[in-house]
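The values are calculated or read from the model by the stated rules, or taken from the named source; none is laboratory data. Remember, predicted model here, so these are calculated numbers, not experimental data. Virtual Cβ from ideal backbone geometry, glycine too; neighbours counted across all protein chains shown.
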Amino acid sequence: MGIFIKVELDDRKCKGLKECGKCVDTCPVRIFLIEKEKININSENEDECTLCNLCLEICPSEAIAVRKLYELEEKGR
Amino acid sequence: MSILADETTNIIVQGITGREGTILVRDSLDYGARIVGGTSPGKGGRDIYGVPVYDCIRQMNNRDGIDASIVVVPPAFVKDAVFEAIDNKIELIIIVTERVPRRDTVEILCLAKERGARIIGPNSLGLISPGKTKLGMIGGPAEDVRKAYQRGYVGIISRSGGMTTEIAFSLTIKGIGQSTCISIGGDPIVGSTFIDLLPLYEKDPCTKALLLFCEPGGTMEEDLAEYVAKNGLQLPIIAFVAGRFADKMPGVRFGHAASIVEGGKGRTQEKIRRFKRSGILVAKDFSEIPSLVRRNI
Amino acid sequence: MRLYEYEAKKILGSAGIPIPKGDLVFSADQVKEILDRVKAPLVLKPQIPVGGRMKAGGIQFVDNSGEAGEKAKYLLNSSLRGYKIDRLLMEEKLEFEEEFYLAVTYDRSKKSPLIILSSQGGINVEESSDEVITVRFSLLSPFSKYKAHELVSILKLKGPLFLSLSDIICRLTKLFYDYDATLAEINPLVRTAKEAFIALDVHIDIDDDALYRHPELKDKFGIENGERRTSKVTPFEKEAARIDGQDYRGVAGRLVEFEGDLGLLIGGGGASLTVFDAVARYGGSPADYCEIGGNPSVKKLKDLTKLILSKPGVKKIAVIMNITSNSRVDLIARGIIKGVIESGYIPHEKIALFRVPGAWEKEGTKILKKYGVKYYGRDISIDQAAEKAVKILQGN
């Protein structure tokens with residue numbers, strides 16, 4: 001589990017592997033995984049995220065969110 | 001005003017889609033470097049921050065206009081990538097990748113010598129001509145690069161990638177700018193050494209002094225001292241030699257072959273002694289560097 | 001990776017270079033069995049991962065088979081140059097007329113492979129440098145035999161000896177290339193009364209960075225890197241190397257162990273020397289020091305931090321690096337903080353200070369701030385950071 005970075009994939013928006021799957025190819029640190037023909041988040045790798053934002057750019061349906069947990073909590077206080 | 005690269009240098013990145021490649025492209029574009037394309041076999045057709053990705057250099061339009069390549073592919077693919085760059089007549093190749101097998105490095109250097117290509121690295125952070133362009137990771141993100149480097153008249157060659165920016169910063173805060181700063185790579189065998197690069201700085205009308213960051217091991221410093229003793233000093237050279245106490249640390253041992261080839265060279269004190277004898281100025285400690293440079297521009 | 005002599009000889013033998021008849025023994029009980037194949041006079045050679053065995057008095061000669069077991073037992077119960085002897089190479093003792101020296105290595109200065117040949121081989125070869133001849137060659141085309149001929153011609157050897165020495169040079173050069181060696185040295189290469197050359201002792205270093213492409217070392221010769229005692233590394237240092245090896249990106253694992261109470265994670269190469277010196281100057285006592293370089297993964301840094309904290313006696317760690325270019329401050333902060341947390345400690349208590357200015361420092365500062373870790377940037381020098389770390393530790 002990431003304690004610094006949380007990557008979320010909105011299943012309702014995601015076009016899925018058959019139509020798209022670009023994020024899987026794009027992420028340089030393999031945060032998106034193919035499991036049982038579905039795109040899943042590899043939570044082991046979340047903290048490796050380099051904040052390159054390439055997944056956000058490439059996703060055609062804005063289904064991905066990258067959250068910095070160290071910022072979120074501070075704002076919440 | 002600079003050597004090897006300036007604001008007109010067209011650059012490609014081999015291995016552009018990887019973790020290092022993507023970071024490098026964004027930082028370099030932000031600094032104003034002209035990254036005109038990149039390769040990643042099997043991933044051609046997409047783009048990284050607007051830079052087109054190709055499967056191979058041959059696919060690129062206007063191949064003749066490419067001046068330099070930055071290689072960030074994994075170690076096992078470095079030789080192939082550099083051969084590709086040399087075959088496509090690219091004359092300046094920076095190898096950023098670490099842990100390249102020694103044999104591959106030497107094969108690369110053999111081919112580069114035959115074809116007249118210049119190699120920087122392996123295990124190099126790259127080079128920067130401040131205010132103009134940067135090739136490689138050197139300095140990091142553009143805002144950090146601007147803090148540490150400033151346009152000016154001192155050339156820097158560093159054997160330590162990490163210390164390149166630290167040294168430049170120590171000059172910049174004292175108002176001393178740089179012409180071109182090069183991290184030559186930390187491997188035992190690298191494409192460009194002090195004596196390979198010195199003549200370029202000597203020819204550059206705007207470089208008024210050269211600053212070197214040296215480390216124990218190898219004979220790069222001794223070779224330079226010999227070269228300077230023979231050819232004379234065209235340019236003031238200031239050196240900092242790290243590791244005065246590494247001489248005393250365990251683990252520094254030379255075998256028969258190294259003793260025959262290098263003849264007992266390699267130790268910090270020996271390097272300092274030879275530098276001084278040939279007229280190269282040696283800084284006593286790190287903090288002395290800026291004042292020593294200022295006095296000798 | 002430095003090969004043991006017996007491993008190097010296996011490779012030489014398979015490459016067609018003559019080696020003495022012999023076998024490996026791990027206990028004195030095995031001696032008898034080997035005596036059926038290898039007759040006295042014999043030589044017993046401890047297999048340790050460093051040279052200088054002869055000068056240290058570690059080589060034993062056995063004139064009659066009866067005393068072989070006794071002498072093997074003696075050696076196997078002793079140490080040589082700091083290494084406990086656990087295996088011996090038991091070889092026929094050869095009478096010879098002349099000792100030669102032959103090596104293939106890289107000339108760092110000329111960036112080229114190099115063959116070194118001398119007719120004055122033996123344990124003092126570097127002192128007889130007048131007799132040494134060398135030739136460089138290109139790796140782009142296969143090594144040409146005439147180069148060996150030219151080299152040997154200088155020694156004025158006759159007929160069959162000329163040819164057999166040239167042949168050995170070609171074979172050693174090929175082996176050097178094929179196995180990604182950084183050194184392939186035969187010393188001495190002896191000429192026997194029967195006018196034959198035999199490799200009496202061999203030293204081969206294989207490039208660690210090329211081991212991945214040599215599965216045959218294990219498959220064919222049983223040579224493995226796993227339990228190798230390349231130098232006097234502690235299990236702790238070995239674990240660090242394992243963590244570093246997980247991923248080729250960046251360095252986070254070159255670790256040296258000391259006896260103090262301050263764990264150091266510091267920038268590699270030039271920077272680490274400066275920091276280490278400063279810590280000593282201000283009276284600090286490092287528990288260990290580990291270099292970070294390049295841009296290692298968060299996981300690598302996390303595992304390494306956990307390892308450093310697991311060392312008994314470590315009170316706090318200090319993270320000090322030069323202004324970074326590609327080592328990202330935020331990723332380093334993530335890895336180290338995660339390591340501290342997973343070790344069951346509180347980051348701001350365990351981390352004395354963090355002085356890493358450079359790439360992505362804004363993002364890094366946010367993380368450090370959230371966890372309350374003392375952070376410095378360009379405002380203090382590497383030296384000053386070392387001094388502060390020492391003072392913080394002494395204040396506790």
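One residue alone among B:105, B:164 is touching a residue at least 12 places away in the same chain (Cβ under 8 Å), out of contact with any Cys (no Cβ under 8 Å at 6 or more places or on another chain), buried (at least 24 other Cβ atoms within 10 Å of the Cβ) and in a helix (DSSP H, G or I), and that residue is B:105. Among the residues in the range B:55-67, are any basic (Lys, Arg) and either in a helix (DSSP H, G or I) or free of Cβ contacts under 8 Å to residues at least 24 places away in the same chain (or both)? Within the range B:55-67 (the criterion being basic (Lys, Arg) and either in a helix (DSSP H, G or I) or free of Cβ contacts under 8 Å to residues at least 24 places away in the same chain (or both)), the answer is yes, since at least one residue qualifies. Selection of the range C:42-53 for residues being under 21 Å from the mean Cα position of the chain (by Cα) and either of a type outside the set (D, E, K, R) or over 19 Å from residue C:9 (Cα atoms) (or both) yields C:46, C:47, C:48, C:49, C:50, C:51, C:52. Entry remark, the range A:24-47: residues being part of a helix (DSSP H, G or I) and at pLDDT below 95 number 6 in total. A single entry from C:350, C:338, C:391 fulfils the requirement of being at pLDDT 90 or above, over 23 Å from residue B:148 (Cβ atoms), facing another protein chain (nearest Cβ under 8 Å) and surrounded by fewer than 24 Cβ atoms within 10 Å (Cβ to Cβ): C:338.
For every residue, the table says whether it meets (1) closer than 30 Å to residue C:178 by Cα; (2) assigned by TED's automatic domain parsing to the domain that holds residue C:162; (3) touching a strand residue (DSSP E or B) at 6+ places or on another chain (Cβ under 8 Å).
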| position | (1), (2), (3) |
| --- | --- |
| C:36 | no, no, no |
| C:41 | no, no, yes |
| C:61 | no, no, yes |
| C:64 | no, no, no |
| C:85 | no, no, yes |
| C:102 | yes, yes, yes |
| C:110 | yes, yes, yes |
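Residues in the range B:217-265 that are of a type in the set (Phe, Trp, Tyr) and at pLDDT below 65 were compared, and the one that is surrounded by the most Cβ atoms within 10 Å (Cβ to Cβ) is B:254. Evaluation of residue C:173 against the conditions (1) among the β-branched types (Val, Ile, Thr); (2) farther than 21 Å from residue B:188 by Cβ; (3) at pLDDT 95 or above shows that the sole unmet condition is (2). In the range B:103-112, the qualifying residues are those that are at the interface with chain C (Cβ under 7 Å from one of its Cβ atoms) and in contact with a helix residue (DSSP H, G or I) (Cβ under 7 Å, 6 or more places away or on another chain), and the one that is nearest to residue B:188 (Cα to Cα) is B:103.
The range C:282-394 holds strands (runs of 3 or more DSSP E) entirely within its bounds, and those carrying 3 or more residues that are closer than 18 Å to residue C:250 by Cβ map to C:286-293. Scanning the range B:157-202 for residues that are in contact with a helix residue (DSSP H, G or I) (Cβ under 7 Å, 6 or more places away or on another chain), farther than 18 Å from residue B:6 by Cα and among the polar types (S, T, N, Q) yields B:158, B:160, B:165, B:170, B:172, B:193.
Identify the residue in the range C:115-140 that is under 29 Å from the mean Cα position of the chain (by Cα) and without any contact (Cβ under 8 Å) to a residue 12 or more places away in the chain and, among all such residues, is farthest from residue B:113 (Cα to Cα). So the residue we want is C:124. Contact map, the range B:32-48: residues that are in a loop (DSSP other than H, G, I, E, B) paired with residues that are basic (Lys, Arg), Cβ distance under 7 Å, separation 6+ or inter-chain. Pairs shown: B:33/B:134. Condition test on residue B:210, is it modelled with pLDDT of 95 or more, more than 28 Å from residue C:123 (Cβ to Cβ), away from chain C (no Cβ under 12 Å) and part of a helix (DSSP H, G or I)? No; evaluated as a whole, the condition is false for this residue. Residue C:194 satisfies every condition listed in (1) touching a Gly at 6+ places or on another chain (Cβ under 9 Å); (2) part of a loop (DSSP other than H, G, I, E, B) except (1). If you check B:93, B:3 for being β-branched (Val, Ile, Thr), buried (at least 20 other Cβ atoms within 10 Å of the Cβ), assigned to a loop (DSSP other than H, G, I, E, B) and away from chain C (no Cβ under 13 Å), only one passes: B:3. Condition (residue is of a type in the set (Gly, Ala, Ser) and closer than 22 Å to residue C:297 by Cα) applied to the range A:15-36: is it met by at least one residue? Checked the range A:15-36: no residue is of a type in the set (Gly, Ala, Ser) and closer than 22 Å to residue C:297 by Cα. Which residue pairs have Cβ atoms closer than 8 Å, lie 6 or more positions apart in sequence or on different chains, and pair a first residue in the range A:24-40 that is within 14 Å of another protein chain (Cβ to nearest Cβ) with a second residue that is surrounded by fewer than 15 Cβ atoms within 10 Å (Cβ to Cβ) and part of a loop (DSSP other than H, G, I, E, B)? Pairs found: none. Taking the range C:279-326 as the range and being within 13 Å of another protein chain (Cβ to nearest Cβ) and more than 30 Å from residue B:96 (Cα to Cα) as the test, the residues that pass are C:279, C:280, C:281, C:286. Per this entry, residue B:79 is not counted among residues that are surrounded by fewer than 24 Cβ atoms within 10 Å (Cβ to Cβ), modelled with pLDDT under 95 and either in contact with an Asp or Glu (Cβ under 8 Å, 6 or more places away or on another chain) or in a helix (DSSP H, G or I) (or both). Entry remark, the range A:1-18: residues being away from chain C (no Cβ under 13 Å), closer than 30 Å to residue C:338 by Cβ and in a loop (DSSP other than H, G, I, E, B) number 3 in total.
Checking each residue in the range A:48-74 for being assigned to a strand (DSSP E or B) and either among the aromatic types (Phe, Trp, Tyr) or in contact with a Phe, Trp or Tyr (Cβ under 8 Å, 6 or more places away or on another chain) (or both) picks out only A:68. Pairing residues of the range C:171-186 that are closer than 16 Å to residue B:105 by Cβ with residues that are of a type in the set (Gly, Ala, Ser), at Cβ distances under 8 Å and at least 6 apart in sequence or on separate chains, gives C:176/C:184; C:180/C:210; C:183/B:255; C:183/B:257; C:183/C:103.
Residues that are under 23 Å from residue B:188 (Cα atoms), in a loop (DSSP other than H, G, I, E, B) and aliphatic (A, V, I, L, M) do not occur anywhere in the range C:110-117.
Elements of the type helices (runs of 4 or more DSSP H) sitting completely within the range C:1-101 and holding at least 1 residues that are at pLDDT 85 or above and closer than 16 Å to residue C:186 by Cα: these cover C:5-14. Only one entry in B:160, B:129 is within 17 Å of residue B:191 (Cα to Cα) and either at pLDDT 95 or above or not aromatic (Phe, Trp, Tyr) (or both), namely B:160.
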